[in-house]
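Read the structure below first, then the notes.
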Amino acid sequence: MLNTAIQDATNGGHEEKRAAERLYKLIEHHAEIVQHERLQEENLQTHVHIIFSLSNAGSLKVALSQVGNREKSRVLAFNECFSTGPIRDLSTAEGQQRRLIWLMEHDRDYYFSYTSNLEHQIERMIETLKTIPESKTVVIWCADNAHDQTGLRFASYLLRERKRPVHVVNVTQILKDSGHDDAPFSQALIERGTYIEIVKSYGDGIPLDSDLRRRYESEWLELAGQDHVLRFWEEDRVIGCEEDRMDALILQTVAELQEQHHSSDLVKAGDVVFSILEMSRQFVSYSYIVYRIWFLVSEGVLMFKGLPGFPHQFSIGLPKA
């Protein structure tokens, strides 16, 4: 409608120009209403929560509503898996372009996700984080996995000019401190009631001391200077891994699943993916494991049947001797 109005205002007759003017005024009026409502919302907000997936952001919003803190909270979410794909110089346009190209080449679904969630793209999130007012309390949510911990370091680096403290909620550490020996390594694995209790008790976060903030910033610069496309969480730190780090586990998993079937039939690739995520206790994207599966197929190390695509669409197995 706006494009039509522009054309009519430029090339149309008298009636078309009048209609275009009315449309402009209508759009301007609604824009003013939206802006006014947004400013009212921002004035009520005292906390800005930063999280590293859209699904976790949804869970956090629900939990904040349950404990009565939704109106005073703004939730910002990255739509990325920081444990996979290149992150060299990610705070620059060149680094973002490098990552985008790699993911579009190795993840069939990434382009749709990238274009359908514009406000959560890295470029926009960087600008949003840099403009968070000093009057707001910033809370970063994470767990003990390479994805969240890489995101934590990235966000800490982006907030390095912030004068007020940055707060963190590490849900894995909170559960460990409360006696959970096998605390989940992912926020998505926490039971709903337990998660709501965490949000209720730790919604303000725990302030990072200045030394830890500087350490996270330094560790981000180290990670962003590497060319790895895979990262693991080991011994309480993020480490860059070789691209084929998971290949041996993929082959082992395929062999074990075939043995469980008591036959030489191929097994569903989706079963392989989920078994790997469960056994490895690493937060790695589905698409990265599928990418490595297809690499092993192309090398003749694995065989497949079915439609190439998302895991449930094809089956894989070890070649017969």
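The values are calculated or read from the model by the stated rules, or taken from the named source; none is laboratory data. Everything numeric here is computed off the predicted structure, so don't read it as measured data. Here Cβ is always computed from backbone atoms with ideal geometry, including for glycine, and neighbour counts include all displayed protein chains. Only protein heavy atoms, including side chains, enter the accessible area calculation; ligands, DNA and RNA are left aside. Shrake-Rupley method; radii C 1.70, N 1.55, O 1.52, S 1.80 Å.
At-a-glance table
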item	result
Summed residue charge, Cβ within 15 Å of Leu175's Cβ, Lys/Arg positive, Asp/Glu negative	-3
Computed [θ] at 222 nm, deg cm²/dmol, the chain (DSSP H ≥ 4; -39,500 (n - 2.57); rounded to nearest 500)	-16500 deg cm²/dmol
Residue-normalised accessible area of the chain, given per residue in Å² at a 1.4 Å probe	55
For the chain, Kirkwood radius (reciprocal of mean inverse C-alpha pair distance, Å)	22.3
log10 of Debye I(q)/I(0), alpha-carbon scatterers only, for the range 131-220 at 0.14, 0.21 Å⁻¹	-0.51, -1.05
For the range 149-242: relative contact order, % (alpha-carbon pairs under 8 angstrom, 6 or more apart)	35
Dipole-positive endmost among Ile87, Ala63, Gln97 within the range 54-122 (Cβ charges, Cα centre)	Ala63
Net charge of neighbours whose Cβ lies under 12 Å from the Cβ of Val301, counting Lys and Arg as +1 and Asp and Glu as -1	-2
Euclidean distance of C-alpha centroids, the range 243-306 and the range 183-215, integer Å	32
By average C-beta atoms within 10 angstrom, highest first, the peptides 149-156, 232-239	149-156, 232-239
Tilt relative to the chain, helix 286-298 - C-alpha long axis, 0 to 90 degrees, to 10	50
Check: the chain dipole with +1 on Lys, Arg Cβ and -1 on Asp, Glu Cβ, in debye	680
Computed Rg/Rh of the range 72-156, alpha carbon atoms with Kirkwood Rh	0.96
